[in-house]
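A.B. asks: Got a structure for you, questions after.
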Amino acid sequence: MARSTLAPDTAAAKLPPGPKISAIASLTYRFSRDPLNFLERIARTYGDLASYRMTGELLFFVNHPQYIKDILVTGSRNFTKSRGLEMTKKLLGNGLLTSEGALHLRQRRLMQPAFHRDRIAAYAKTMVDYADELRRKWRDNTTLDVSQEMMRVTLSIAGKTLFDVGVESQAREVGRALTDVMASFWLSMMPFADVIERLPVGPMRRARDARERLDAIIYGMIAERRASHPGNNVRGDLLSMLLVAQDEDDGSTMTDRQVRDEAMTIFLAGHETTANALTWTWYLVSQSPDVEARLHEEVDRVLQGRLPGVADIPSLTFVEKVVTESMRLYPPAWLIGRRAIEPYPIGGYVAPARTIFLMSPWVMHRDARFFAEPDRFHPDRWTPAFKAGLPKFAYFPFGGGPRQCIGESFAWMELVLVVATIAQQWKLRLVPDHPVVPHPVVTLRTKHGLRMNVQVRSHVAATLAADR
C-alpha cells in the first residue's frame, strides 16, 4: 500500500488526489466491472484518502482505521446512508438497515432483546440441528454447489430462530429471488435506474418480480402469526416481538408494512451474509491441507463424536480463527458507504456536504501495514496478542458504530457451530477447474457458485453406514 496520508502536506488542495474517470465511464458505471480491483488500485496509488467523481457524485475512498473509526463512530451523527443503502431500500423498505435518525434508534431498541446474549445462546441447538440435518443428507463422493447448501441451511436457521417457522420448502424460491435481486444491483446504481426499472424486460424487471415473491413469503408469515396468536407474544421470537411492540409515546403498534420491513431486513441480511462467510470458509479450508488437518483435530478432540453446543464454543478456538481469517480475506460486507450531511474535515481536506464516503473491508483487511502476508490464508495470525495490537477498524467485517450489525454475536455463534458440525464428518474438495471468482454485489458472493466434492471422513464412514 502507499504511505499513510493521515497528515498530508497538501492542506491547501480542495480535494484529495484520485483517479480521473471519463463522463462515459461514469455514466455506464464501469466501476461495476471489477470494483474490488478498482478500489485496491486506488489504495495502492493514492494511499489512505482519495477522491473521484462517478455518476454525478463526489466520492471519497477512505483506507485507514482511524479515518474509518471517525466516520462510523466518532462523527457518525454527521452521516446518513449512502446511495447503495438507498437502492437497497427498494427491497428492505424502511427497516433497521436503511432507516435513519430517531426511527433507526427506536427500531434498534425494539429489536435488541431478540439478540440478547442469553436468547442467542438458546438458538445454538437449532443451529446445530439444522447443520446436522444438512450433513446427513450428503452422500459420499458426490458433487454439490456448496454456496447453495450454505444458503439453504442459514435460511432454515434464520426462519426458525427468529420467526419460529420452517422455511425449508421455500429455500429454493428465496434463493432464486435473492439471485435475481442481486443481479440488478449495479444497474440500480446508475443515474437512470428508475427508468430502466419501469421497462417490461431485463434484470430490473426480474428484480421487481423477485421482490414481490419475497414480499409474499414475509407477509404470509405475518398473517399466519396474527391469526394464530392475536394480541400476544406467546412464542417470544422476533416476529412476535415486532407484532406486539408498542410506541413509547402513543402506544401504537406497528403496521404490517413496518413489520414486513424489519422482518425482511433480518431474514435476508441475516442468512445471506452468514451463508457467504461459510461458503468462502469451505473454499479456503479446501485449499489449505494443514489448516484442514488442524480443524479436524480440534473438532474431534473437543467434541469426542457428539454434536457441538454453546458450551463448546470457548474450546473451539481454531475453528473461530479459521472463520475470522476467512472473513478477513472474503468479508461478506465488502463495501460500506456513508453520505456526509454537513462539510466534513478529513486528512487536511474538507469534504463538501453530500460527499459519499466509501470504506472497504476487502481492501482494509488486505493492507500489509496491519496484516503480514495479507493475501495468505493464515488463521494462526489471530493470537490474543495480535488482536490486542490491531487497530480497531483494521478489521471490521460487521461494520461499526451505531449501525454495527445487530446480529454480530448471532453470526459468530452460527459460523463456529455450523463449521464444527460439518467438519466433524466431511471433507470438501473443490471440483478441478471450477472457477472461483468473487462477485461483489450487495454482499460478496461467488460468481459461479462453489462446486465441491464432499467426502466422508474415514473415521466416521462406518458409523454413518450403520446409521443408514
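The values are calculated or read from the model by the stated rules, or taken from the named source; none is laboratory data. Because the structure is a prediction, the values reported are computed rather than measured. Glycine gets a Cβ as well: all are built from the backbone with ideal geometry, and neighbour counts include every protein chain shown.
A.B. asks: From (1) more than 22 Å from Ile313 (Cα to Cα); (2) surrounded by fewer than 20 Cβ atoms within 10 Å (Cβ to Cβ), pick out the condition that doesn't hold for Thr446.
C.D. replies: (2)
A.B. asks: Then there is this: With the condition kept exactly as written, say whether any residue in the stretch 382-390 is more than 30 Å from Asn78 (Cα to Cα) and touching a residue at least 40 places away in the same chain (Cβ under 8 Å).
C.D. replies: There is at least one residue in the stretch 382-390 that is more than 30 Å from Asn78 (Cα to Cα) and touching a residue at least 40 places away in the same chain (Cβ under 8 Å).
A.B. asks: Phe396 is checked against (1) assigned to a helix (DSSP H, G or I); (2) closer than 30 Å to Ala114 by Cβ and fails just one. What number does that condition carry?
C.D. replies: (1)
A.B. asks: Which condition number in (1) of a type outside the set (Asp, Glu); (2) out of contact with any helix residue (DSSP H, G or I) (no Cβ under 7 Å at 6 or more places or on another chain); (3) modelled with pLDDT of 90 or more; (4) not in a loop (DSSP other than H, G, I, E, B) is the one that Leu39 fails?
C.D. replies: Going through the list (1) of a type outside the set (Asp, Glu); (2) out of contact with any helix residue (DSSP H, G or I) (no Cβ under 7 Å at 6 or more places or on another chain); (3) modelled with pLDDT of 90 or more; (4) not in a loop (DSSP other than H, G, I, E, B), Leu39 breaks only (2).
A.B. asks: Scanning for something crowded, with 19+ Cβ neighbours inside 10 Å, β-branched (Val, Ile, Thr), touching a Pro at 6+ places or on another chain (Cβ under 8 Å) and under 23 Å from Glu320 (Cα atoms), does the stretch 449-459 turn up at least one residue?
C.D. replies: The answer is no; no qualifying residue exists.
A.B. asks: Give Glu325, Glu373 a once-over and let me know the one that is at pLDDT 95 or above, surrounded by fewer than 21 Cβ atoms within 10 Å (Cβ to Cβ) and of a type outside the set (Gly, Ala, Ser).
C.D. replies: Among Glu325, Glu373, only Glu373 is at pLDDT 95 or above, surrounded by fewer than 21 Cβ atoms within 10 Å (Cβ to Cβ) and of a type outside the set (Gly, Ala, Ser).
A.B. asks: Continuing with this model, one more query. Just the residues that are out of contact with any Asp or Glu (no Cβ under 7 Å at 6 or more places or on another chain), of a type in the set (Phe, Trp, Tyr) and modelled with pLDDT under 95, please, taken from the stretch 385-411.
C.D. replies: Passing the criteria: only Phe410.
A.B. asks: Another question, if that's okay. What's the number of the only condition in (1) closer than 21 Å to Pro440 by Cα; (2) surrounded by fewer than 23 Cβ atoms within 10 Å (Cβ to Cβ) that Asp312 fails to meet?
C.D. replies: Tallying (1) closer than 21 Å to Pro440 by Cα; (2) surrounded by fewer than 23 Cβ atoms within 10 Å (Cβ to Cβ), Asp312 fails exactly one: (1).
A.B. asks: Let me ask something else. Pick out the one residue from Tyr283, Tyr219 that is at pLDDT 85 or above and surrounded by fewer than 20 Cβ atoms within 10 Å (Cβ to Cβ).
C.D. replies: Tyr219
A.B. asks: Those residues that are surrounded by 20 or more Cβ atoms within 10 Å (Cβ to Cβ) and within 14 Å of Asp48 (Cβ to Cβ), I need them from the stretch 352-369; list them, please.
C.D. replies: Listed by number, the residues that qualify are Phe357, Leu358, Met359, Ser360, Val363, Met364.
A.B. asks: Which numbered condition trips up Asp256, out of (1) of a type outside the set (Lys, Arg); (2) closer than 30 Å to Arg226 by Cα; (3) crowded, with 19+ Cβ neighbours inside 10 Å?
C.D. replies: (3)
A.B. asks: Have a look at Ala372, Ala368, Ala385 and point out the one that is small (Gly, Ala, Ser) and either under 30 Å from Ile157 (Cα atoms) or outside any loop (DSSP other than H, G, I, E, B) (or both).
C.D. replies: Just one listed residue meets the conditions, Ala385.
A.B. asks: While we're looking at this one, here's another question. Quick one: which of Tyr52, Tyr67 is among the hydroxyl-bearing types (Ser, Thr, Tyr), outside any strand (DSSP E or B) and either buried (at least 17 other Cβ atoms within 10 Å of the Cβ) or modelled with pLDDT under 75 (or both)?
C.D. replies: Step by step, each of Tyr52, Tyr67 is checked, and only Tyr67 is among the hydroxyl-bearing types (Ser, Thr, Tyr), outside any strand (DSSP E or B) and either buried (at least 17 other Cβ atoms within 10 Å of the Cβ) or modelled with pLDDT under 75 (or both).
A.B. asks: Please list, ordered by residue number, the helices (runs of 4 or more DSSP H) wholly in the stretch 79-142 having 2 or more residues that are surrounded by fewer than 14 Cβ atoms within 10 Å (Cβ to Cβ) and modelled with pLDDT of 90 or more.
C.D. replies: Counting at least 2 such residues, we get 124-137.
A.B. asks: From the set of residues in the stretch 413-433 that are in contact with a Ser or Thr (Cβ under 9 Å, 6 or more places away or on another chain) and part of a helix (DSSP H, G or I), which is surrounded by the most Cβ atoms within 10 Å (Cβ to Cβ)?
C.D. replies: Glu414
A.B. asks: Would a scan of the stretch 238-248 turn up a residue that is under 26 Å from the mean Cα position of the chain (by Cα), crowded, with 17+ Cβ neighbours inside 10 Å, hydroxyl-bearing (Ser, Thr, Tyr) and modelled with pLDDT of 70 or more?
C.D. replies: Yes, the stretch 238-248 contains a residue that is under 26 Å from the mean Cα position of the chain (by Cα), crowded, with 17+ Cβ neighbours inside 10 Å, hydroxyl-bearing (Ser, Thr, Tyr) and modelled with pLDDT of 70 or more.
A.B. asks: Which residue out of Leu444, Leu417, Leu430 is closer than 19 Å to Ile157 by Cβ, touching a helix residue (DSSP H, G or I) at 6+ places or on another chain (Cβ under 9 Å) and not small (Gly, Ala, Ser)?
C.D. replies: On the way: Leu444 fails: closer than 19 Å to Ile157 by Cβ; Leu430 fails: closer than 19 Å to Ile157 by Cβ.
Going through Leu444, Leu417, Leu430 in turn, just one is closer than 19 Å to Ile157 by Cβ, touching a helix residue (DSSP H, G or I) at 6+ places or on another chain (Cβ under 9 Å) and not small (Gly, Ala, Ser): Leu417.
A.B. asks: Restricting attention to the stretch 306-320, does a residue exist that is within 20 Å of the chain's Cα centre (by Cα) and within 16 Å of Leu417 (Cα to Cα)?
C.D. replies: The answer is yes; a qualifying residue exists.
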